[in-house]
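Q: Quick one: structure below, then a few questions.
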Amino acid sequence: MKLPQTGRKKALVVVDLQPAFIKPHNSYIIHNIESLLKNVEYDAYVEAVFSAEKGSLWDIQQDWICPENQDTHTIDEVKELLAGRNPLQVHKTTRSVFKGNQDVMKYLRDRAIEEVHLVGTETNDCVLATAFDAFDSGFLVYVLEECCESATEGRHQMGVDLLRIQGMTNNRCLAETIEISL
């Protein structure tokens, strides 16, 4: 996997890597994210989970719920690796990590973070929204394509295509990169 090497202070944001979104076709990202965490040090970490209750906008407009405390925790293997890194824990009921129950912008600014790397689910939805919010907040953003996926087959590529147009993925970045094994 290509990883941008910019020399900037960077944060890893793990977006909705929770049982509700992991399916047989996308479970490979768990291993890839574990490898990333074992081989790359970040200056800050953010761990976000999502929920949508009955009667929420998600239920009303999209006929979809993900009740809190039911599949709304980070996959255990990754959670264990994050635990020693003291991640900012964000709970959200909307797409972007920046609109959850924590002030992610302040957390990143307090640590002088300049660059954000995103992993997790849904590439076409919450990862995409978080990438755009991070960019609009003044951070360089790289979605690590090999560490993101979508629960619905085919939608990952839709998100990647949009992000590549913006130069916001590790495989479309203009910065120097290094190869890391997954």
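Since every read-out is calculated from the coordinates, none of them should be taken as a lab result. Computed from a predicted model, the values in this text were never measured in an experiment. Don't worry about glycine lacking a Cβ; one is built from the backbone with ideal geometry, like all the others, and counts go over all protein chains shown.
Q: Could you work out the relative contact order of the chain, using alpha carbon pairs under 8 angstrom and six or more residues apart, expressed as a whole percent? Before the final figure, lay out each step's value.
A: Details: 359 pairs, mean separation 56.8, N = 182.
Relative contact order here is 31 percent.
Q: Ignoring everything except DSSP H segments at least 4 long, calculate the 222 nm mean residue ellipticity for the chain; use -39,500 (n - 2.57) per segment, divide by total residues, nearest 500.
A: Numbers: 6 runs with 55 residues, N = 182.
Helices in the chain give a 222 nm mean residue ellipticity of -8500 deg cm²/dmol.
Q: Computed FRET efficiency, Cβ-Cβ of LYS9 and MET158, R0 30 Å: what is it to the nearest 0.05?
A: Details: r = 31 Å, r/R0 = 1.04.
Between LYS9 and MET158 the formula returns 0.45.
Q: Taking the Cβ of GLU145 as the center, what net charge do the other residues with Cβ under 15 Å away carry, scoring Lys and Arg +1 and Asp and Glu -1? Walk me through the numbers on the way to the answer.
A: Details: positive: LYS2, ARG155, ARG164, ARG172; negative: GLU122, GLU146, GLU149, ASP161, GLU179.
Summing Lys/Arg as +1 and Asp/Glu as -1 gives -1.
Q: Counting Lys +1, Arg +1, Asp -1, Glu -1, what net charge surrounds ARG95 among other residues with beta carbon under 14 Å of its beta carbon? It would help to have the intermediate numbers written out before the result.
A: Numbers: positive: LYS92, LYS99, ARG155; negative: ASP16, GLU122, ASP125, ASP133, ASP136.
That works out to -2.
Q: Another question, if that's okay. Through the Karplus equation 6.51 cos²θ - 1.76 cosθ + 1.60, θ set to phi - 60°, convert the phi angles of the range 15-24 into ³J(HN,Hα) values in whole Hz; use x for Gly and Pro.
A: Residue by residue, the range 15-24 yields 9, 6, 7, 10, x, 4, 10, 8, 10, x Hz.
Q: Oh, and also: Helix check for the chain. Which DSSP H runs span at least 18 Å along their own axis by Cα, with a mean Kyte-Doolittle hydropathy no less than -0.5?
A: On the way: long enough: none.
Passing helices, by number: none.
Q: Hey, another quick one. Please say if the chain is rounded, prolate or oblate, where rounded means a/c under 1.5 for a ≥ b ≥ c the square roots of the C-alpha gyration tensor eigenvalues, and otherwise the choice is prolate for a/b larger than b/c and oblate otherwise?
A: Rounded, since a/c falls under 1.5.
Q: A further question on this structure: Place a point 7 Å from Cα of GLU80 in the direction of its Cβ. Which residues in the range 15-33 have their backbone N less than 16 Å from it?
A: Under 16 Å, as judged by backbone N against the label point of GLU80, lie 30-33 of the range 15-33.
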